[in-house]
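Have a look at the structure below before the remarks.
The values are calculated or read from the model by the stated rules, or taken from the named source; none is laboratory data. Not measured: the values here are computed from a predicted model. Because the Cβ atoms are built from the backbone with ideal geometry, glycine has one as well, and the counts that use them run over all protein chains shown. The protein model used for the area step is the full one, side chains on, heavy atoms only, and it has no ligands, DNA or RNA in it. Shrake-Rupley method; radii C 1.70, N 1.55, O 1.52, S 1.80 Å.
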Amino acid sequence: MNLFDKTKIKNYELKNRIVMEPMCMYSAFKHDGIPTYFHFAHYVSRAIGQVGMIIIESTGVAPEGRITDDCLGLYNDAQIAPFKSIVDAVHEEGSIIGVQLNHAGRKSTASDGIDTIYGPSAIAYSDDSRTPVALTTTEIKRIIKDFQDAAVRADKAGFDAIEIHGAHGYLISEFMSPASNHRTDKYKDGSVFLQELTDAITDVWPKHKILSLRVSATDYEPNGQTVDDTIRMLGPVAASYDFINVSSGGITINPPTKIYPGYQVPFALKVKKAFPDNNIIACGMLGNPDLAAYVIESEQADYIGLARPLLSNANWVLHAAHARRKNDLITQQYKRAFK
C-alpha cells in the first residue's frame, strides 16, 4: 500500500489515501446552521489541493445537537441547498465528500433559544458545564430519528458519504463510555444505542454510498472506555460501515497523558486487526509526510486522517507528493511552485 494509491470504495474512486478530518469552523454566524461562503472556500480549496476524501465538520442533527451556536446543522430542509453547492464544487475538482453527523449531547454549548441539553445520564461534562437532562426512551428514539432525517438530507445534498460521530465525548460517545453512562435500562450498554442508530441510518442511506463511523478508542480514564470495550461495541455494527475512523479521548476535560506524532496509530492498528474487512482511518499528529507514508506502507491503517495539517496548508497533499518525490502527482496549475 502507498499513501498516494488510488483506491475504490463501492462505486467511488479516491485519488489517494488522504482524508480531511472534520474540524469545526464555528462560522455559521447567523446561528442557522447554514454553510457560508467561508465554508465553500474552505472545503473546495482542499479539493483543489487534491485531498482524496473531505469530511465536512461536525454538523448537528438538531439545534441542541450543535456543539456551539455557530456550528453547522442538517436539521431542516433550508440547509440542504447551501451544502449542495459545496458538494458540487468539490466533485468538480475530483474529490469525494462526506459530512459528519453529530449530536453534541452534554458537551453542547449552544444556547440561542436552547434551554436544555441532553445526555444518557444527568452528569455534567465539567464543573462549569450545564448538567444535562437524562434522556427518556422516547427522547432517545427522537434523537435517532433526527440522525435518520439528517442522513436523508445529506443524500439530497449529494454527499458521497456520511460519518457518524461516535467519538470525543459527544452523545454517542457518552452512551459508549461508563464515565458518562450510569443508566440502568438496556441503554446502559452503549452497543444498544449504537446498534439502533446504525440500523436507522442504514434504512435510509443509499447502499451504494459510503458510511463511516468515528470512535474514541479509549477515554484515558480509569473508569472510562478502553480500546477493548470499543472493539466489543463495534462488533455488531462494523459490517455496516465502510470506514472506521479511530481517534481517542474527549469524554472528560482531562487530555491524554502522552501525545506524540502517531500516538493514536496503535489504537487504529488494534481496531484494524479486529475488523480486517473495514477500511481504517488513523489520525492524530500525522502531518509529517514520511510518517504518514510509513503508517500506510507498514499497513497499520488504510487511510490517513489529517486535521490541523490541512488547516494550516490547503496544499498539504502537493507538498507531501513533492517531499516523497512524486512530482508527477502535482497538478498542472501549481507545478511552478515546486521547481
- Task: Quick one: compute the contact order of segment 183-339, relative version, from alpha carbon pairs under 8 angstrom and 6+ residues apart, as a percent.
- Result: 16
- Message: Can you tell me the length gained on complete extension of the stretch Cys24 to Glu221, counting 0.36 nm per residue apart and subtracting the Cα distance?
- Response: 68.4 nm
- Quick one: Cα centre-to-centre distance for segment 96-134 and segment 171-201, in angstrom? 15
- Task: Just round it to a whole percent: the fraction of Cα-Cα distances in segment 54-143 exceeding 24 Å.
- Result: 29
- Task: Would you mind computing the Rg to Rh ratio of segment 4-94 from its alpha-carbon coordinates, Kirkwood style for Rh?
- Result: 1.00
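Hey, what did segment 1-42 get for relative contact order, percent, Cα under 8 Å, at least 6 apart? Spell out each step's value before the answer.
Numbers: 29 pairs, mean separation 10.1, N = 42.
About 24 percent, as a whole number.
Of all the accessible heavy-atom surface of the chain, with the other protein chains kept in place and a 1.4 Å probe, what percent is carbon and sulfur? Walk me through the numbers on the way to the answer.
Details: 6960 of 13660 Å².
Accessible surface attributable to carbon and sulfur in the chain totals 51 percent.
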- Message: If I model a spin label at Phe338 and His91 as a point 7 Å from the Cα along the Cα→Cβ vector, what separation in nanometres do I get?
- Response: 2.8
- Query: When ligands, DNA and RNA are left out and all protein chains stay put, how many square angstrom of accessible area per residue does the chain have with a 1.4 Å probe?
  - Reply: 40
- Item | Calculated from backbone phi, Karplus (6.51, -1.76, 1.60) coupling profile of segment 10-24 in Hz, x at Gly/Pro | 6, 9, 9, 9, 9, 6, 6, 9, 10, 10, 7, 6, x, 9, 4
- For Ile253 and Glu297, compute 0.36 nm times the residue count separating them, minus their Cα-Cα distance, and round to one decimal in nm. 12.4 nm
- Pair-distance profile P(r), taking every C-alpha pair of segment 203-286, with 10 angstrom steps and integer %: 17, 48, 27, 7, 0
- Query: Relative contact order of segment 43-108: what whole-number percent is it, with Cα pairs under 8 angstrom and at least 6 residues apart?
  - Reply: 47
- How large is ³J(HN,Hα), in whole Hz, for each residue of segment 275-292 in order, when computed from phi with the Karplus curve 6.51 cos²θ - 1.76 cosθ + 1.60 and θ = phi - 60°, using x for Gly and Pro? 10, x, 8, 8, 8, 9, 9, 9, 8, x, 6, 10, x, 6, x, 5, 5, 4
- Item | Near-label residues of segment 16-31 by backbone N, under 18 Å of a point 7 Å along Cα→Cβ of Ala323 | 16-21
- Query: Using the Karplus equation 6.51 cos²θ - 1.76 cosθ + 1.60 (θ = phi - 60°), what ³J(HN,Hα) coupling, rounded to whole Hz, does each residue of segment 32-47 give in order, writing x for Gly and Pro?
  - Reply: 10, x, 8, x, 10, 4, 4, 4, 4, 5, 4, 7, 5, 5, 6, 5
- Find the centroid of the Cα atoms in segment 278-339 and in segment 218-247, then give the distance between the two in whole Å. 26
- Choice from His168, His31, His322 with maximal GNM fluctuation in the chain (Cα, 10 Å cutoff): His322
- Note on the structure: Counting only residues 5 or more apart in sequence or on a different chain, those whose built amide H sits under 5 Å from that of Val99 are Ile56, Ala161, Ile162, Glu163
- Among 136-148, 34-46, 55-67, how do they line up from the highest to the lowest mean number of other beta-carbon atoms within 10 Å? 55-67, 34-46, 136-148
- Taking only Cα atoms and a 10 Å spring cutoff, compute GNM fluctuations for the chain and point out the largest among Val295, Val133, Val265. Val133
